[in-house]
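Participant: Take this structure, written in structure tokens, and hold onto it; I'll ask about it next.
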Amino acid sequence: MLAAVVERYGPPEVLTLREVAVPRPGPGQILVRIHATVATPSDVAFRSGRPWIARLFSGLVKPRMPILGDAFAGVVAEIAADVASFSVGDRVVGSAFGAYAQFVVVDAASAVVRLPDSLGFGEAAGLGDGGLTALPFLRDTGLLAPGHHVLVNGASGSVGSAAIQIATAMGAIVTGVSSTRNLELVRSLGADRVIDYTAEDFTAARSAYDIVFDTVGKSSFGACKEALGPQGIYLTAVPTVSPAMLRKSGRRARFSATGLRSPEEKTKDLQQLVDWTIAGRLRTVIDREYDLHQISAAHAYVETGRKVGSVVVRIQ
Ligand SMILES: NC(=O)c1ccc[n+]([C@@H]2O[C@H](COP(=O)([O-])OP(=O)(O)OC[C@H]3O[C@@H](n4cnc5c(N)ncnc54)[C@H](OP(=O)(O)O)[C@@H]3O)[C@@H](O)[C@H]2O)c1
């Protein structure tokens, strides 16, 4: 099968297409023929080895896992004899390392759920990108409750665009922060209010939010503290260290590595994201689509930090 392989850290060009053996499903596993994956800032970090903290997961000197990619959508091509939960031909969406390839093997009991015919593969792969990050951040780390005032910074990104819609679906009153060009998009995703960061500093608000979710790590707890209510939580999707992360109550800060959650948790969340999508409460914002052989160009674009929603990688 064809796979995009990275054997050393470096610029987008270190991603090269190779013929590698199709993995075989062992007991309890299924083989999925991938139709779409996404290129993300996390993939960029695992390819470039920057920031250095990424290497704690991806390998200190060189990438431990040469095939990057996580979120995938495709069709079950083969199942182990003991798997009853899937059939060959099922359309599925999931999350597993090694998605920059034509096939991936996953545990049937891992983060993979059936995909309805009405959902496209690119759209579905996008759910495993921003959705699978935003949902646990807001619900589990931010303890979002209906009626909460939530501000999402980076509202036009993959995590941000999902966060706006998920917070809305969970009954929050939502403010989205983006640049001028993306304000209409953020409004269309359900934000009750939008702030143009080129014209207004959202951190100047006072006791206005129960949750400030900085999906792009462009602010800090210190800067946002006064904008939070007395029990407000500052969430950042980008690893940072702050003494406010140790506080149990009052204004506090939290980071979470949502990709490291258990397969059971991810499965439950993927199903919720699919259900919301079918119900018309969630949609994947797709910026650009690339073919697998254009993976370096996809990475170069993600690296600009300007993508809007997800960058889908189609796999023929
Ligand atoms: N903690 C975890 O478990 C976890 C999981 C997944 C991802 N992440 C991290 O989450 C971060 C966000 O990922 P993503 O895919 O959502 O990012 P992204 O889509 O690449 O973010 C790009 C968006 O950010 C906006 N932006 C840039 N500068 C901004 C600013 N100063 N203020 C507000 N918006 C700004 C851009 O809009 P404009 O061009 O209009 O400014 C663009 O639409 C990444 O660092 C990723 O590594 C963390």
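The values are calculated or read from the model by the stated rules, or taken from the named source; none is laboratory data. Just so we're clear, the structure is a prediction, and the values are computed from it rather than from any experiment. We place every Cβ from the backbone using ideal geometry, glycine too, and count neighbours over all the protein chains shown. All accessible areas refer to the heavy atoms of the entire protein, side chains included, with ligands and DNA or RNA removed. Shrake-Rupley method; radii C 1.70, N 1.55, O 1.52, S 1.80 Å.
Participant: Which of rounded, prolate or oblate describes the stretch 129-258 when judged by the alpha-carbon gyration tensor and an a/c cut-off of 1.5?
Facilitator: rounded
Participant: Under 1.5 on a/c is rounded, so check that first for the stretch 193-260, then, if it is not, pick prolate when a/b is larger than b/c and oblate when it is not; a ≥ b ≥ c are the square roots of the alpha carbon gyration tensor eigenvalues. Before the final figure, lay out each step's value.
Facilitator: Numbers: a/c = 2.02, a/b = 1.27, b/c = 1.59.
Cα axes put the stretch 193-260 in the oblate bin.
Participant: Tell me which trypsin sites (Lys or Arg not before Pro) from the stretch 199-260 have a DSSP coil assignment and no more than 11 other beta carbons within 10 Å of their own.
Facilitator: On the way: sites: Arg206, Lys218, Lys225, Arg247, Lys248, Arg251, Arg252, Arg254; in loops: Arg206, Lys218, Arg247, Lys248, Arg251.
Answer in residue order: Arg206, Lys248.
Participant: Per-residue ellipticity at 222 nm for the chain, helices alone: DSSP H runs ≥ 4 residues times -39500 (n - 2.57), over residue total, nearest 500 deg cm²/dmol? Present the calculation step by step, with values, prior to reporting the outcome.
Facilitator: Values: 9 runs with 70 residues, N = 316.
Calculated mean residue ellipticity at 222 nm is -6000 deg cm²/dmol.
Participant: Now a separate question. Residue by residue through the stretch 116-131, what is 3J(HN,Hα) from phi via Karplus (6.51 cos²θ - 1.76 cosθ + 1.60, θ = phi - 60°)? Round to whole Hz and write x for glycine and proline.
Facilitator: For the stretch 116-131, the Karplus curve yields x, 4, 6, 9, x, 5, x, 4, 5, 4, x, 5, x, 8, x, x Hz.
Participant: Ok, one more. Taking H as built 1.01 Å from N, whose amide H comes closer than 5 Å to the amide H of Leu144, not counting residues under 5 places away?
Facilitator: Placed amide hydrogens put Arg139 under 5 Å from Leu144.
Participant: Under the rule that an exposed site lies in a DSSP loop and has at most 16 other Cβ atoms within 10 Å, name the longest stretch of the chain with no GluC sites (Glu not before Pro) of that kind, not counting the sites themselves. Provide the component values of the computation, followed by the final result.
Facilitator: Numbers: sites that count: Glu7, Glu200.
The answer is 8-199.
Participant: Determine the order of Asp117, Asp291, Asp269, Asp140 by accessible area, beginning with the largest, at a probe radius of 1.4 Å.
Facilitator: Sorted descending by solvent-accessible area, the residues read Asp117, Asp140, Asp291, Asp269.
Participant: Straight distance only, please: which lysines reach the Cα of Lys268 with their own Cα at less than 24 Å, same-chain residues fewer than 8 apart left out?
Facilitator: Those lysines meeting the cut-off do not exist here.
Participant: Name the trypsin sites (Lys or Arg not before Pro) in the stretch 159-194 that are in a loop by DSSP and that have at most 11 other C-beta atoms within 10 Å, would you? Before the final figure, lay out each step's value.
Facilitator: On the way: sites: Arg181, Arg187, Arg193; in loops: none.
Taking the stretch 159-194 and a limit of 11 other Cβ atoms within 10 Å, no loop trypsin sites (Lys or Arg not before Pro) are found.
Participant: Related question: Note down the net charge around Ile173, summing +1 for each Lys or Arg and -1 for each Asp or Glu among other residues with Cβ under 13 Å from its Cβ.
Facilitator: Taking every other residue near Ile173 into account, the sum is -1.
Participant: Further question on the same structure: For Glu78, enumerate residues with amide H under 5 Å from its amide H, sequence gap 5+ or separate chain, H modeled in the peptide plane.
Facilitator: Those lying under 5 Å, H to H, from Glu78 are Leu31.
Participant: Would you kindly derive the ³J(HN,Hα) couplings of the stretch 303-316 from the backbone phi angles with the Karplus curve 6.51 cos²θ - 1.76 cosθ + 1.60 (θ = phi - 60°), listing them in order in whole Hz, with x for Gly and Pro?
Facilitator: 4, 5, x, 10, 5, 10, x, 9, 9, 8, 10, 7, 10, 6
Participant: So which trypsin sites (Lys or Arg not before Pro) in the stretch 17-95 are both in a DSSP loop and have at most 13 other Cβ atoms within 10 Å of their Cβ? Walk me through the intermediate numbers first.
Facilitator: Details: sites: Arg18, Arg33, Arg47, Arg55, Arg64, Arg91; in loops: Arg64.
Of the trypsin sites (Lys or Arg not before Pro), the ones in loops of the stretch 17-95 whose Cβ has at most 13 other Cβ atoms within 10 Å are Arg64.
Participant: List every residue whose amide H lies under 5 Å from the amide H of Ile195, counting only residues 5 or more places away in sequence or on a different chain, with H placed 1.01 Å from N in the peptide plane.
Facilitator: Long-range HN contacts for Ile195: Gly176, Val177, Ser178.
Participant: Just name one of Ala227, Ala253, Tyr209: the one whose Cα is farthest towards the positive end of the charge dipole of the stretch 129-258 (beta-carbon charges, Lys/Arg +1, Asp/Glu -1).
Facilitator: With unit charges placed on the Cβ atoms, the residue in question is Ala253.
Participant: How high is the relative contact order of the chain, in percent, with contacts defined as C-alpha pairs under 8 Å that are six or more residues apart? Write out the running numbers ahead of the final one.
Facilitator: Values: 770 pairs, mean separation 60.8, N = 316.
19 percent.
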